[in-house]
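S.K.: Take this structure first; my questions come after.
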Amino acid sequence: MHRLVHATSAPAASAFFQARTTINGVDAICDPLGGLFLPEAGTLVVSDLHLEKGSAFARRGMMLPPYDTLATLRILEAIVARHNPKTVISLGDNFHDRTGSAAMPETFRQMIAAMARGRDWIWINGNHDPDGTSGLPGASMDEFRHAGLVFRHEPSLADGLGEVAGHLHPSATVRRREKSVRRACFATDGKRLLMPAFGVTTGGLDLRHRAMSGLFDRQQLVAHMMGRDRIYSVRFANLLG
């Protein structure tokens with residue numbers, strides 16, 4: 001939950017704590033709170049919020065701490081305030097299941113409505129929530145082309161140039177001070193970028209996992225790893241297997 005602490009205690013972000021990259025020639029900033037900002041387009045991208053995950057598990061008789069939606073939205077509030085985007089794109093699995101959007105408490109709906117006020121808000125449909133959102137501001141769609149890039153939930157082997165996608169929750173591991181450290185990451189080879197999961201109770205999939213096969217030129221692949229309050233950029237060759 002270090003992102004929540006950082007979000008509520010340090011709203012301003014120095015460039016020193018962020019990482020700049022390019023995706024098919026488009027400049028982008030990896031923010032340690034877990035979002036990608038496109039400064040020329042004024043666009044903020046987040047992925048895999050998995051809102052109402054706790055309530056989805058509760059409906060199945062599995063108890064998780066019921067604070068995941070509030071914590072995730074607090075971090076989202078902080079990163080929206082930090083960048084003041086014209087457009088926000090949420091890259092699918094916005095909710096943990098098909099009923100989460102309709103069942104979400106009014107308090108959380110009001111938080112989202114306040115963040116969306118005065119800006120465009122795009123909900124990309126994911127495999128967890130393929131039916132879109134219910135009663136929330138913005139538009140739901142399967143894919144969105146914007147600012148010279150294509151935004152979708154699941155990465156495509158056939159159409160990856162300029163792609164920003166989620167779904168796989170990339171993570172990476174490095175050795176620091178005689179111990180290994182695993183962190184969620186933004187993964188990019190300059191042609192496409194995979195987003196880290198934004199939701200506070202989501203896991204991660206290592207960049208060396210077979211599900212990542214064929215998505216990147218590994219000689220150009222960089223993991224922009226999320227530290228407690230900054231981004232650490234590490235080349236794929238320097239990651240632990």
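S.K.: Would you check which residues across region 187-220 are β-branched (Val, Ile, Thr) and within 17 Å of Ile231 (Cβ to Cβ) and list them? Step through it out loud before you land on a result.
M.R.: Taking region 187-220 and keeping what is β-branched (Val, Ile, Thr), we get 188, 200-202.
The answer is Thr188, and nothing else.
S.K.: Among the residues of region 193-213, how many are more than 11 Å from Gly166 (Cα to Cα) and open to solvent by less than 10 Å² (accessible area, probe 1.4 Å)?
M.R.: 3
S.K.: Same structure again: List every residue pair whose Cβ atoms lie under 6 Å apart, where the two residues are 6 or more positions apart in sequence or sit on different chains, the first residue falls within region 97-111 and is in a helix (DSSP H, G or I), and the second residue, located anywhere, is of a type in the set (Phe, Trp, Tyr).
M.R.: Ser101/Phe95
S.K.: Sticking with this structure for a sec: Take Ala197 and tell me if it is farther than 17 Å from Leu73 by Cβ and touching a strand residue (DSSP E or B) at 6+ places or on another chain (Cβ under 7 Å). Let's see the steps before the verdict.
M.R.: Values: farther than 17 Å from Leu73 by Cβ: no; touching a strand residue (DSSP E or B) at 6+ places or on another chain (Cβ under 7 Å): yes.
So Ala197 fails the test.
S.K.: Could you grab me the full set of residues in region 146-162 that are in a strand (DSSP E or B) and buried (at least 22 other Cβ atoms within 10 Å of the Cβ)?
M.R.: Within region 146-162, the subset in a strand (DSSP E or B) is 146, 149-152.
Selection gives Leu149, Phe151, Arg152.
S.K.: When you scan region 169-241 for strands (runs of 3 or more DSSP E) that lie fully inside it, which ones turn up with 3 or more residues that are under 24 Å from Arg152 (Cβ atoms), in contact (Cβ under 8 Å) with a residue 12 or more places away in the chain and under 13 Å from the mean Cα position of the chain (by Cα)? Walk me through how you get there before you give the answer.
M.R.: Values: elements: 170-176, 179-188, 222-226, 231-235.
The qualifying strands (runs of 3 or more DSSP E) are 179-188, 222-226.
S.K.: Considering region 81-96 alone, what residues qualify as being modelled with pLDDT of 95 or more and not in a helix (DSSP H, G or I)?
M.R.: Asn84, Pro85, Lys86, Thr87, Val88, Ile89, Ser90, Leu91
The values are calculated or read from the model by the stated rules, or taken from the named source; none is laboratory data. Keep in mind that this is a model prediction, so the values were computed, not measured. With ideal geometry, Cβ positions are generated from the backbone for all residues, glycine too; neighbour counts draw on all protein chains shown. Please note that ligands, DNA and RNA were not included when accessible areas were found on the heavy atoms of the full protein model with its side chains. Shrake-Rupley method; radii C 1.70, N 1.55, O 1.52, S 1.80 Å.
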